[in-house]
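Notes for the one structure printed next.
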Amino acid sequence: MQLHPVDKPLYQHRYKRVAIGLAASLAVLSLTFSTLLIALFGNAENGSNTALNFTGLVIAVAILIVALQKLKHTPYFAEVAYVWRLKQELNQITRRMRKIKAAADLGDGSAMIILSFSYAGSEQLWNLDDNTLVMDELQGWQRELDALKQRFNIKAAPEDYSRERLKQY
């Protein structure tokens with residue numbers, strides 16, 4: 001995955017619309033399917049239709065997942081889909097962060113590339129989501145990485161990142 005610029009106001013506008021649309025669709029679809037299942041298979045004597053309600057919810061979630069899979073490739077969803085992929089990529093890195101940082105401390109260039117991508121991606125993500133509370137901490141991590149790169153004379157840029165690099169950690 002490569003980082004690319006995102007129009008923040010456009011992303012925030014579309015993300016809000018997608019989130020509200022998903023929540024509203026989930027509510028309407030799950031209630032519709034639950035009501036339909038209860039009407040068809042409900043037990044009035046027992047009065048407990050929890051399993052049917054849950055089944056209605058599962059059907060609604062499945063429909064929304066299929067719809068999102070199709071819609072995420074449209075131009076309207078480009079920014080939102082990019083940020084979702086970025087978050088997934090950063091989660092993969094975070095799960096291995098302890099090993100990656102240990103390797104970087106020993107001069108591993110691949111680990112430094114991963115950290116470089118992680119820090120640049122986190123900065124972009126946090127700016128897009130207006131989550132700037134830990135930006136000072138991130139800048140400290142970046143300074144540590146820059147010192148390691150200089151110490152070991154390694155060029156590590158976010159553009160050099162690929163998920164394949166994570167397999168060794």
Those residues that are closer than 30 Å to V80 by Cα, among the charged types (D, E, K, R) and surrounded by 13 or more Cβ atoms within 10 Å (Cβ to Cβ), I need them from segment 129-162; list them, please. D129, D160
Mind checking which residues of segment 55-98 are open to solvent by 50 Å² or more (accessible area, probe 1.4 Å), farther than 19 Å from L22 by Cβ and assigned to a helix (DSSP H, G or I)? T55, N91, T94, R95, R98
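Matching residues to (1) more than 16 Å from the chain's Cα centre (by Cα); (2) without any contact (Cβ under 8 Å) to a residue 24 or more places away in the chain:
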position	(1), (2)
L3	no, no
A23	yes, yes
S30	yes, no
G47	yes, yes
L52	yes, yes
I63	yes, no
Q69	no, yes
Subset of segment 95-129, residues of a type outside the set (K, R), farther than 21 Å from A147 by Cα and free of Cβ contacts under 8 Å to residues at least 60 places away in the same chain, comes to L125, W126, D129
Residue within segment 109-117 that is open to solvent by less than 70 Å² (accessible area, probe 1.4 Å), part of a helix (DSSP H, G or I) and either among the charged types (D, E, K, R) or in contact with a His (Cβ under 8 Å, 6 or more places away or on another chain) (or both) present: no
Apart from one, (1) within 12 Å of the chain's Cα centre (by Cα); (2) not in a helix (DSSP H, G or I) all hold for T132; the odd one out is (1)
Verdict on A78 being over 25 Å from the mean Cα position of the chain (by Cα) and modelled with pLDDT under 95: no
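The values are calculated or read from the model by the stated rules, or taken from the named source; none is laboratory data. The structure presented is a predicted model; accordingly, all values stated were derived computationally and were not measured. Positions of Cβ are generated from backbone atoms using ideal geometry, with glycine treated the same way; all protein chains shown enter the neighbour counts. Side chains included, ligands, DNA and RNA excluded: accessible areas come from the protein's heavy atoms. Shrake-Rupley method; radii C 1.70, N 1.55, O 1.52, S 1.80 Å.
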